[in-house]
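All remarks here apply to the structure that follows.
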Amino acid sequence: MSQPHGSNRRSFLGRVAAGAALVGLGGRTAAAEVVADREEGPEGFSEAWLGKLNGKHKQFFDATSVNNGFGLVFAMNFLNSNNEAYKLADGNLSAVVGLRHFAIPIAFTDDIWHRYKLGEFASVMDPATKAPSTRNLFFKPRDGDMMMPMGAVDRLLARGVQVTCCNVALTILSGMLSKNAGKSPEEAKKEWIAGMIPGVVLVPSGVLAVNRAQEKGCTYCNGG
């Protein structure tokens, strides 16, 4: 399992309290900038994803690290196992991959990976170059990028899987890495929100998403 460098981890944890305060002060403005056509929920965040958790079987995959994309692969396996063993179509199933903490790089487009050096931060190596990846290997992967490419973000979204991204982690990490792109923390956060993969839902926090999904009947699975 790849992990961010120790100094990055300490910096992240050292900013959690400050970041939480920032979200509390500025969450309304940031949330309003997400995507205009999303259904509005409390504080401007969308809750439309919760209304889609109506399958016969429901599971939440809680990803706190990139973990070679296995939080995504677990969701794929949940769908495939029900398809094959119980002959249940994807429409009868509800799966959520919750990206929080150090897993959130999975939520962003190649442009954000390249300019903010997310591969270097998350210790994700490009199998072709053997260097820190400058693109998201888990979104529209090339041959060799993922052990199980059917678990890529785009393929899961196409099957009806909900993917959420933690706003607390986004606020802190975009601020930490803002200098990589020559941006202020405020500018970086706006770019990260705009650079989320279409279909990924920004939620107030990852732990809140776990709670809300469980209240809707989802069982819990650690996604690594």
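The values are calculated or read from the model by the stated rules, or taken from the named source; none is laboratory data. The model shown is predicted, which means the values in this text are computed figures rather than measured ones. Every residue, glycine among them, receives a Cβ derived from its backbone with ideal geometry; neighbour counts consider all protein chains shown. Just so you know, the surface numbers come from the protein's heavy atoms only, side chains and all, with ligands and any DNA or RNA stripped out. Shrake-Rupley method; radii C 1.70, N 1.55, O 1.52, S 1.80 Å.
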message: Exactly one condition in (1) open to solvent by 10 Å² or more (accessible area, probe 1.4 Å); (2) out of contact with any Gly (no Cβ under 8 Å at 6 or more places or on another chain) is false for PHE102; which is it?
response: (1)
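Can you find a residue that is farther than 22 Å from PHE74 by Cβ and either at pLDDT 95 or above or of a type in the set (A, V, I, L, M, F, W, C) (or both) anywhere in the stretch 150-166?
As a first pass, look at the stretch 150-166 and keep what is farther than 22 Å from PHE74 by Cβ: none.
For the stretch 150-166, residues farther than 22 Å from PHE74 by Cβ and either at pLDDT 95 or above or of a type in the set (A, V, I, L, M, F, W, C) (or both): absent.
Inside the stretch 139-224, counting only helices (runs of 4 or more DSSP H) that do not spill past its ends, which hold 1 or more residues that are in contact with a helix residue (DSSP H, G or I) (Cβ under 6 Å, 6 or more places away or on another chain), free of Cβ contacts under 8 Å to residues at least 24 places away in the same chain and of a type outside the set (Val, Ile, Thr)? Outline the logic, then answer.
Details: elements: 153-158, 167-176, 185-194, 206-215.
It comes to 185-194.
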query: Can we say LEU88 is closer than 18 Å to SER205 by Cα and either modelled with pLDDT under 95 or touching a helix residue (DSSP H, G or I) at 6+ places or on another chain (Cβ under 9 Å) (or both)?
result: no
- line: Only one of (1) within 13 Å of the chain's Cα centre (by Cα); (2) open to solvent by 70 Å² or more (accessible area, probe 1.4 Å); (3) among the hydroxyl-bearing types (Ser, Thr, Tyr) does not apply to THR134, and that is (1)
- prompt: Given (1) under 26 Å from GLU186 (Cβ atoms); (2) buried (at least 21 other Cβ atoms within 10 Å of the Cβ); (3) of a type in the set (S, T, N, Q), where does SER94 come up short, assuming only one miss?
  reply: (1)
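Among the residues of the stretch 104-119, how many are within 19 Å of ASN77 (Cα to Cα) and not in a helix (DSSP H, G or I)? Walk me through how you get there before you give the answer.
Narrowing the stretch 104-119 to residues within 19 Å of ASN77 (Cα to Cα): 106.
Then drop every residue that is not not in a helix (DSSP H, G or I), which leaves none.
Adding up the residues that qualify gives 0.
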